[in-house]
Amino acid sequence: MDSKTPSLDFAIVGHSEDWKSIQKFINGIRTAELEPLPVDKIKEVFGFIPPREIFRITLRSKTGKEVTGVYIESFIDPDKLGVTYLRTNINKVKKAVILAAKLNAKRVALGGFTSILLEGNIDSFEEYDLKVTTGNTLTAAFIVKSVEKAVAESGQDLNSVKLLVIGATGDIGMACIQYFKGKVKKLILNARNKAKLENAEKELIEQGVNIALGNSLEDLIPEADVIISVASSNNIEIKNVREGVIICDAGYPKNLDLKFSDLKENLLFHGGMGKVSHGYWFRPDYSNFFYTYPDQFLAHGCVLEVIVLAFENVFENYSTGKGNITNKGIEEIYCWSLKHGVILAPFYNSRGLCNQGNNSNKK
Amino acid sequence: MEEVSYDFNNVETFNVVSDVFSQAITGELIGMSNFASLSGTIEDPYEKMEAVEHADSERHHAEGFLACSKKMGLNTKVNLNGEYWKSVREVFLKYAEKNDFISCLIIQEVMLESFAVSMYTDVGNALGGFPGELFLAIADEEKEHMEHSTEILQEELQKDPEGFISKFETIHFDCMTILSQFSATQDLRGHCGVCNGECMKNSLHHIGLDSVIMRGNALNLYAEALDKIGIPGDKSMVWIAKLPA
């Protein structure tokens, strides 16, 4: 790209969470005159497509400022997020970042699963004139602030609740623990990696934090008043919850609500999400089949972080590595976010908006 | 040429290897015929010479595959009038008759070669031995053709971006639709007329291949070729999404 090409304020490297949304998008762009493709046909091709620009997006701040960026789809197969495919996926994300540089983007967010590249400190992309972020700080901020809000609305005191974090040794899980330690009655930690979990336990015990931990969710769930799930796994089973439990589903994919036949009076919401109060627009306009949520102008915290950084004109690598998110960082990005009208998303899940008045999931 | 012993585990393996060679020979002969036709219609002396050179290169490849199949004692079949190959040829001739060298280059050196390079590479790696080496060597040569054409097409894009992209889109749907139907899990327009028995795609597992992966790899290479030429990714993504599956 030559120097005359106007620069973009940001690029977002993302991936689709599930085949249902991919099918909606692909059939959306195939237009009405073509027969819609069944998901098995889409699966045959989707993961082979190299990363590419999908659309331009413009967002407006509360201050009136507008920023424009590009969404780059990594075309990571949602069924192939496991360790077996790590090398393939990392290569895809690297190609996507190189494309962002070619498109002259000033900063890049590696959203969702694509953040593995930065969390692993594999590459800082110093050879390109762009800054990178996982977006994990604002995601963590939206999670912790929404949990505080949900607890307050339920009439409970935060310092009386027992909080279970599923995926406790991941970057966002660690940030949640840092934030809530000393604020809740008890922290309950769960992760697949036993050694990492025990390390976390040791550190927290030394700090005098009341904690419990385990690999078996079945044993931990009944004790929890609040559950934050930030794990990247399709296989999380939530059973035997306490009545009135609050569940923040902020992992990948966000599908815990699909595993409950009846949520009763429990609140289960998709966490880590924000809302751009003053709106965003796609070019081409794919809003009918991409990023469709029960409310307007919602987006993932990781995506919104790079946008808030663009609004603030911050040009630095922001969220990188693992375990580096501080409470100060959470407050800083959340404060900037609110300044630009990027607020917490309303409570919702795949069934629609939650009725916040009585904390139930009935529409 | 003397026939040499090649280790076929069973008759299914023999049949599928025969069909793979049949497709490769037919494809190369289609390429040769395409450029031969073009060399007869275009006026520009440099383009004419280039077309002859391309035709000769495809002839060499066809000869190589024919010789190898003979050496292995395969039961190959050449059919330039098969359902899909004939359609590909007709599309090419449509542009050749208009003396449209650039469109012909797009069909042969971007679309057909993306599939050839990718599938020859997959077959070469799967077959191993001297037949595998032949497929890999021809894939390398075809790759060079692709790279050379990429430079020409990049220049064309620079001259008139909007016109070039619009032209490319039309050719994409003319030609890639056929290749997509041809390479789909099940032939979307019936038997290809080249394989001896039933569609070889159902038997590729006998030589460690999978038609879905082969097609995916080919589309990946095609998408990357478009990126290199400079076709915007948001456009090529929509073009690919609109292909039959």
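Looking only at residues of segment B:51-89 that are among the acidic types (Asp, Glu) and without any contact (Cβ under 8 Å) to a residue 40 or more places away in the chain, we find that the one that is most open to solvent (accessible area, probe 1.4 Å) is B:GLU53. Any chance segment A:122-130 includes a residue that's open to solvent by 10 Å² or more (accessible area, probe 1.4 Å) and within 19 Å of the chain's Cα centre (by Cα)? Scanning segment A:122-130, I find no residue that is open to solvent by 10 Å² or more (accessible area, probe 1.4 Å) and within 19 Å of the chain's Cα centre (by Cα), so the answer is no.
Selection of first residues in segment A:312-329 that are closer than 30 Å to A:GLY64 by Cβ and of second residues that are assigned to a loop (DSSP other than H, G, I, E, B), restricted to Cβ pairs under 6 Å at least 6 apart or on distinct chains, gives the following pairs, ordered by first then second residue: A:SER319/A:THR134. Among the numbered conditions (1) within 14 Å of chain B (Cβ to nearest Cβ); (2) more than 16 Å from B:ILE240 (Cβ to Cβ), the only one that A:GLU73 does not meet is (2).
A count restricted to segment A:244-278 and to residues that are free of Cβ contacts under 8 Å to residues at least 24 places away in the same chain and either open to solvent by less than 20 Å² (accessible area, probe 1.4 Å) or not acidic (Asp, Glu) (or both) stands at 5. Residues of segment A:319-341 that are assigned to a loop (DSSP other than H, G, I, E, B) and either at pLDDT 95 or above or of a type in the set (Gly, Ala, Ser) (or both): A:SER319, A:GLY321, A:GLY323, A:ILE325, A:THR326, A:HIS340, A:GLY341. Looking for whichever is farther than 14 Å from A:ILE166 by Cβ and not aromatic (Phe, Trp, Tyr) here; the options are A:ILE188, A:ILE228, A:ILE211. Which one fits? Checking each option against the conditions leaves just A:ILE211.
Selection over segment A:316-326 of residues that are surrounded by 15 or more Cβ atoms within 10 Å (Cβ to Cβ) and on the phi < 0 side of the Ramachandran plot gives a count of 7. The residues on offer are B:LYS228, B:LYS201, and the sole one that is open to solvent by 50 Å² or more (accessible area, probe 1.4 Å), basic (Lys, Arg) and either within 14 Å of chain A (Cβ to nearest Cβ) or not in a helix (DSSP H, G or I) (or both) is B:LYS228. Restricting attention to segment A:164-193, the residues being under 28 Å from A:VAL342 (Cβ atoms) and touching an Asp or Glu at 6+ places or on another chain (Cβ under 7 Å) number 1. Residues of segment A:215-243 that are open to solvent by less than 20 Å² (accessible area, probe 1.4 Å) and farther than 25 Å from A:LEU138 by Cα: A:LEU220, A:ILE221, A:ILE238. Among the residues of segment B:204-220, the ones that are more than 14 Å from chain A (Cβ to nearest Cβ) and small (Gly, Ala, Ser) come to 1 in all. Considering each of A:LYS149, A:LYS145, A:LYS162 in turn, give the residue that is basic (Lys, Arg), out of contact with any helix residue (DSSP H, G or I) (no Cβ under 9 Å at 6 or more places or on another chain) and modelled with pLDDT of 95 or more. Testing whether each residue is basic (Lys, Arg), out of contact with any helix residue (DSSP H, G or I) (no Cβ under 9 Å at 6 or more places or on another chain) and modelled with pLDDT of 95 or more leaves just A:LYS149. Is it the case that B:ASN196 is away from every other protein chain (no Cβ under 14 Å), assigned to a helix (DSSP H, G or I) and more than 25 Å from B:LYS94 (Cα to Cα)? Taking the combined requirement at face value, the residue does not satisfy it. Looking only at segment A:279-315, residues that are crowded, with 19+ Cβ neighbours inside 10 Å and not in a loop (DSSP other than H, G, I, E, B) come to 15 in all. The condition (being within 10 Å of chain A (Cβ to nearest Cβ), under 30 Å from A:ALA100 (Cβ atoms) and at pLDDT below 95) is satisfied by just one residue among B:ALA223, B:ALA245: B:ALA245. For B:ASP160, the test of being more than 20 Å from B:TYR120 (Cα to Cα) and touching a helix residue (DSSP H, G or I) at 6+ places or on another chain (Cβ under 6 Å) is failed.
Here are A:LYS20, A:LYS43: which of them is closer than 25 Å to A:GLY251 by Cα, away from every other protein chain (no Cβ under 11 Å) and surrounded by fewer than 21 Cβ atoms within 10 Å (Cβ to Cβ)? It is A:LYS20.
Among the candidates A:ARG56, A:ARG60, the residue that is away from every other protein chain (no Cβ under 11 Å) and modelled with pLDDT of 90 or more is uniquely A:ARG60.
From the list A:LYS181, A:LYS186, A:LYS162, the one residue that fits, being among the charged types (D, E, K, R), in contact (Cβ under 8 Å) with a residue 40 or more places away in the chain and in contact with a strand residue (DSSP E or B) (Cβ under 9 Å, 6 or more places away or on another chain), is A:LYS162. On the given criteria, is B:GLU144 open to solvent by 20 Å² or more (accessible area, probe 1.4 Å), within 14 Å of chain A (Cβ to nearest Cβ) and without any contact (Cβ under 8 Å) to a residue 12 or more places away in the chain? So B:GLU144 does not fit the description; no.
Residues that are in a helix (DSSP H, G or I), more than 7 Å from chain B (Cβ to nearest Cβ) and at pLDDT below 95 within segment A:28-39 comprise just one, A:GLY28.
The values are calculated or read from the model by the stated rules, or taken from the named source; none is laboratory data. Bear in mind the structure is a predicted one, so any value in this text is a computation, not a measurement. Note: ideal-geometry Cβ built from the backbone for every residue, glycine included; neighbour counts use all protein chains shown. Each accessible area value is taken on the protein alone, full model and side chains, heavy atoms only, with ligands, DNA and RNA left out. Shrake-Rupley method; radii C 1.70, N 1.55, O 1.52, S 1.80 Å.
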